[in-house]
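Since the structure comes first, as structure tokens, the remarks are kept for the end.
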Amino acid sequence: MDLSDLIDQKAIMPSLRANSKKQLLQLLAERAAEMTGLPEREVFDTILQRERLGSTGVGNGIAIPHGKLAGVKKITGLFARLEQPVEFEALDDQPVDLVFLLLAPEGAGADHLKALSRIARVLRDGDTVAKIRATADPAAIHSFLSETPASHAA
Amino acid sequence: MFEGVYLVTLAGTAMVLAAAFSSLIAFRFGAPLLLLFLGIGLLAGQDGLGIPFDNASASYFIGSIALAVILFDSGFGTALSSLRLAAPPALSLATIGVILTAGFFGAFAFAITDFDWLESFLLGSIVASTDAAAVFFLLRAGNLHIRERVRNTLEIESGSNDPIAIFLTIAFVELISAGAAVEPGELAIGIVLGFLREMGVGVFAGLLGGRLIVMFVNRLKLDPGLLPIFVITVALVLFGITGAVHGSGFVAVYTAGLVAGNSGMRSTATLKRFQDGISWLAQIIMFLVLGLFATPSQFISILPVAIALSLFLIFIARPVAVSLCLLPFRFARAETAFISWVGLRGAVSILLALAPIIGGLENGRLLFNIAFIVVLVSLLVQGWTIGPVARRLGLIIPPRSGPLDKVELELPGSAHHELLAYRVARGSPVARGGRIPRWARPSLVIREGRSLKPQDAGRLLADDLVYIFVSDRYPRLLDRLFATKVSLAADDEEFFGAFTVDPDHLASEISAAYGAELREGEADLTIAKLMLARLGGHAEYADRVQLGPIELIVRDTDAKGEIDSVGLSLEPQELAPSMPLLLTAGEIRDRLARFVRRMRAKPAKTPDEPAPPDAA
């Protein structure tokens, strides 16, 4: 599975400003609502509910909020690079500045899990993350995300 | 007469020993070992030491048996999981790829040689398949860590493409020796029908034979020394019977090997060890015999043409065929290039080159000599450069774990546990004093030659030898604990899962969010309670609970032994499938459906394969 299947270049916010985790999730929900045509509230509630179960901040300044929604047609990704990192209650207590939001249809099952673990794997690659942090160009970010990080591919 | 026995034995064993010794050299220099074997055969043959051997039928016979043994072993050693990962691209290469390669090569041969069309395509078929022995050896001996999907594709391709080349070659030889004028249309139909029949019968016989082997091994309580002989003999019986009813015996033994090797039957480790040995012997003998048979002094006159053909095969025919075959599968360009480059020809091509001689074709010897040179060039040019090419293409990935000393033993009567021995690596998490999950506690520690009870050994030290009984879900995680120099950080995804969940939330929430499979009455428990229940009332650091598609991991417990942090892994360490069926009907249907869906959604893009399940 390739991340370019999950995320569109249009879904990349290269320099987002947010002051808190809540505001960040709101902004993401707002953008996701535009893209999927779903009510913003519903998206926000879904991802917030997942955050209550345990922060999706996976460490190293990265968070992967996600959730399943009945109204989503296909697995949809959204990526934000923050100007200033925000507190995210992450595993390692580091503030987060790279966020990949993943919304999946209710019935996505295994594809959903596969997509999530793929995203986690790509964002675990130190080089990829460093390259993304160093640019504000959505096209460049998209291509870094779509690369197969060789060191983690097998 | 009696003297003769000793002489032949002496000459034969001397060659085998020379070949065995040469393997040491090959491992050290990464030289294509098979080239050395072949070289020893050549040296001993007519133009070298002068052993007269010119019996094409005998060579073919010995070679076929040897090949059947090798194919059975390579099927036996192919894990179902890697087959699933790489079967579609590999089979595309092994069928269409072989035919395309033979076609391109044949057309070029027709253009630059005096052969007629049929002979040209015959030559194409002879050199169309890649050699399992060469590919396996060079990928493994070179210690090349490449992406698993690429490696599996290459290995499965090379293991499964021989039967098609064999079929094509024999079909062409029969056509030519019959000498009748042929209609191209009729010819094509005849070949396709014959092909389907051979493959169909072969696969069917292989599935059946594989099951039979499993049944025999499980039911008959044969002496452990006799068992491997019995199994390999049954495989050869299968080879014979299938061939006699016009099926492909090679397909049959390969399939039977797959079925038997993946069945989880008893004694699998013993069989594997024996077959490794017998497969080496088969390779050595096959190459020696083929080397003996060849007469290098005949090569000189055809050298330029043969080299031109080889280069065409390496640089044009194979790459074009590979690119076409891999179009529907998503491979990076560098990976496609690498797969093209690992188109090593080998013993099978030389073996097949005997067919025209046996068939009494006028140009038989010429075809043989050309094929022989093509194989030599391929082994030299491609075989020697696999490592540098892989590095150049940026395909080498760092090895997953540090050096590892691991002995797998077989436990009678247990399908899902094994006893592993590890040498504790310097700098590994346990040697640094890290905690040892209870599923990784050794049963025995050997330190400086003394056996210690684990409780007497205290903290594990580097170079301790530990013996651990373990469920077969865990070995990869054990590798991490005992063999890697990387410390276990809290965000180690493989060990603790990608995400964390709050143990005080309800189990039904993870079931809603991730499709975790719960048993009756578990939905209302908290995650901590659920895990505790599944773990038998007592949870410890790094304990794991699998809930269908996900796995929960105890990241930590508090002073009272309550779980206070839980990791969630999306890639549970899977149990090896125990059913020898390759794909169930349901899976095939799912895959087709997914394929169709993707094709519709994205006409230009193509289906891709599930990400490697064990990728890290």
| said: Kindly evaluate residue B:244 against the criterion of being free of Cβ contacts under 8 Å to residues at least 12 places away in the same chain and over 16 Å from residue B:66 (Cα atoms). | reply: yes
| task | May I ask you to list pairs of residues, at least six apart or on different chains, whose Cβ atoms are under 7 Å apart, with the first in the stretch B:57-78 being charged (D, E, K, R) and the second being assigned to a helix (DSSP H, G or I) and buried (at least 22 other Cβ atoms within 10 Å of the Cβ)? | result | B:73/B:257; B:73/B:275; B:73/B:279
| If you go through the stretch A:35-42 one residue at a time, do you hit one that is part of a helix (DSSP H, G or I), over 22 Å from residue A:134 (Cα atoms), away from every other protein chain (no Cβ under 12 Å) and at pLDDT below 90? | yes
| Residue, surrounded by the fewest Cβ atoms within 10 Å (Cβ to Cβ), within the stretch B:517-528, restricted to residues that are more than 14 Å from every other protein chain (Cβ to nearest Cβ) and in contact (Cβ under 8 Å) with a residue 12 or more places away in the chain | B:524
| remark: How many residues of the stretch B:205-233 are more than 21 Å from the chain's Cα centre (by Cα) and either basic (Lys, Arg) or surrounded by fewer than 20 Cβ atoms within 10 Å (Cβ to Cβ) (or both)? The answer is 17
| message | Regarding the stretch A:124-132, can at least one residue be identified that is within 16 Å of the chain's Cα centre (by Cα) and within 10 Å of another protein chain (Cβ to nearest Cβ)? | response | yes
| task | Quick one: in the stretch B:324-334, of everything that is surrounded by 17 or more Cβ atoms within 10 Å (Cβ to Cβ) and modelled with pLDDT of 85 or more, which residue is farthest from the other protein chains (Cβ to nearest Cβ)? | result | B:325
| query | Which ones in the stretch A:49-62 are part of a strand (DSSP E or B) and facing chain B (nearest Cβ under 7 Å)? | reply | A:58, A:59
| said: Every residue in the stretch B:295-353 that is in a loop (DSSP other than H, G, I, E, B) and among the aromatic types (Phe, Trp, Tyr), please. | reply: B:299, B:329, B:331
| What pairs come up if the first residue lies in the stretch B:536-557 and is more than 10 Å from residue B:569 (Cβ to Cβ), the second is of a type in the set (S, T, N, Q) and modelled with pLDDT under 80, and their beta carbons are under 7 Å apart, counting only those six or more places apart or on different chains? | B:539/B:557; B:540/B:557; B:541/B:557
| Got at least one residue in the stretch B:476-493 being outside any loop (DSSP other than H, G, I, E, B), at pLDDT 85 or above and away from every other protein chain (no Cβ under 11 Å)? | no
| Restricting attention to the stretch A:63-114, and to residues there that are assigned to a strand (DSSP E or B) and of a type in the set (S, T, N, Q), which single residue is nearest to the other protein chains (Cβ to nearest Cβ)? | A:76
| When you go through (1) within 14 Å of another protein chain (Cβ to nearest Cβ); (2) surrounded by fewer than 22 Cβ atoms within 10 Å (Cβ to Cβ) one by one for residue B:338, which number turns out not to apply? | (2)
| message | Checking the structure you have, find out if any residue of the stretch B:529-540 is part of a strand (DSSP E or B) and either within 14 Å of another protein chain (Cβ to nearest Cβ) or at pLDDT 80 or above (or both). | response | no
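So that you can scan it fast, the table gives a plain yes or no per residue for (1) crowded, with 24+ Cβ neighbours inside 10 Å; (2) modelled with pLDDT of 90 or more; (3) assigned to a loop (DSSP other than H, G, I, E, B):
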site: B:71; (1), (2), (3): yes, no, no
site: B:74; (1), (2), (3): yes, no, no
site: B:83; (1), (2), (3): no, no, no
site: B:86; (1), (2), (3): yes, no, no
site: B:91; (1), (2), (3): no, no, no
site: B:97; (1), (2), (3): yes, yes, no
site: B:103; (1), (2), (3): no, yes, no
site: B:107; (1), (2), (3): no, yes, no
site: B:111; (1), (2), (3): no, yes, no
| field | Filter result for residue A:23 (assigned to a helix (DSSP H, G or I), polar (S, T, N, Q) and within 14 Å of chain B (Cβ to nearest Cβ)) | value | no
| task | Would you be able to say whether some residue in the stretch B:304-318 is of a type in the set (Val, Ile, Thr) and without any contact (Cβ under 8 Å) to a residue 24 or more places away in the chain? | result | no
| message | The conditions are (1) under 29 Å from the mean Cα position of the chain (by Cα); (2) under 19 Å from residue B:306 (Cβ atoms); (3) aliphatic (A, V, I, L, M), and residue B:146 fails exactly one of them. Which is it? | response | (2)
| field | Among residues of the stretch B:179-204, those that are β-branched (Val, Ile, Thr) and either over 33 Å from the mean Cα position of the chain (by Cα) or at pLDDT 85 or above (or both), counted | value | 3
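The values are calculated or read from the model by the stated rules, or taken from the named source; none is laboratory data. Predicted, not measured: the structure shown is a model, and the values here were computed from it. Using ideal geometry, Cβ is built from the backbone for each residue, glycine included, and neighbour counts are taken over all protein chains shown.
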